[in-house]
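The values are calculated or read from the model by the stated rules, or taken from the named source; none is laboratory data. Small disclaimer: the values here were computed from a predicted structure and weren't measured. So basically every Cβ, Gly included, is an ideal-geometry build from the backbone, and we count neighbours across all protein chains shown. Keep in mind that these areas ignore ligands, DNA and RNA; they rest on the heavy atoms of the full protein, side chains included. Shrake-Rupley method; radii C 1.70, N 1.55, O 1.52, S 1.80 Å.
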Amino acid sequence: MPAFKVPYYQVLIPVLLLLQACSGNKPDKEKSEAEKQIVVHGYSEIVYFTYESAYNSALTLGQAVDSFLENPSQLTLDRAREAWRAARVPYNYAEAYRFYDGPIDNGAQGVEGLLNAWPLDEVYVDYVDGAPDAGIINNRKDYPEITKDLLISLNEHGGEENISTGYHAIEFMLWGQD
């Protein structure tokens, strides 16, 4: 699995321009506007690359989980766990962009609650010590078939800690009770 890396030039240009801006030298207005455009373009490239990396690693995680479900074994479980760890890195970088009405946290259209909602009430999802019949998974009467649409509809149903989708729910399913 390739490591998440931002191309050095996409970080270097904004940093150099920031250093120049802090140096006390007053560039002319035309040059300053051109530099702003370079910084904005560099920043947008970094944001795009980060979201693209988060998306691609989430697809890889989905494939690894599907492989585990199709062929449960220690090997496929280990691969799914490694894919989860790898997917968290670019997603964690992308969290910095959540707070300006970007595609993750833009009101009713945002998907943050489906991706990374927290805290997770483990008993909502599956059994835990002391509650062997708990959770959506064990409630075959109400949920005879667990589908993507069902999990989305149950996410945060009845309380924000009732998490049925996203990284934390997947983490619980891959590693079990904390």
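A few remarks follow.
- Neighbours by Cβ (under 6 Å, 6+ apart or cross-chain): first from segment 156-171, within 14 Å of residue 91 (Cα to Cα); second of a type in the set (Phe, Trp, Tyr) and exposed (fewer than 14 other Cβ atoms within 10 Å of the Cβ): 168/118
- Some residue of segment 111-118 being of a type outside the set (A, V, I, L, M), in contact with a helix residue (DSSP H, G or I) (Cβ under 9 Å, 6 or more places away or on another chain), crowded, with 18+ Cβ neighbours inside 10 Å and not in a helix (DSSP H, G or I): yes
- Residue 94 vs. criteria at pLDDT 95 or above, surrounded by 11 or more Cβ atoms within 10 Å (Cβ to Cβ) and part of a helix (DSSP H, G or I): no
- Considering 32, 44, 23, the condition of being small (Gly, Ala, Ser) and either modelled with pLDDT under 65 or open to solvent by 100 Å² or more (accessible area, probe 1.4 Å) (or both) is satisfied by 23 alone.
- Comparison of 133, 105 shows that the only residue that is surrounded by 15 or more Cβ atoms within 10 Å (Cβ to Cβ) and not in a helix (DSSP H, G or I) is 105.
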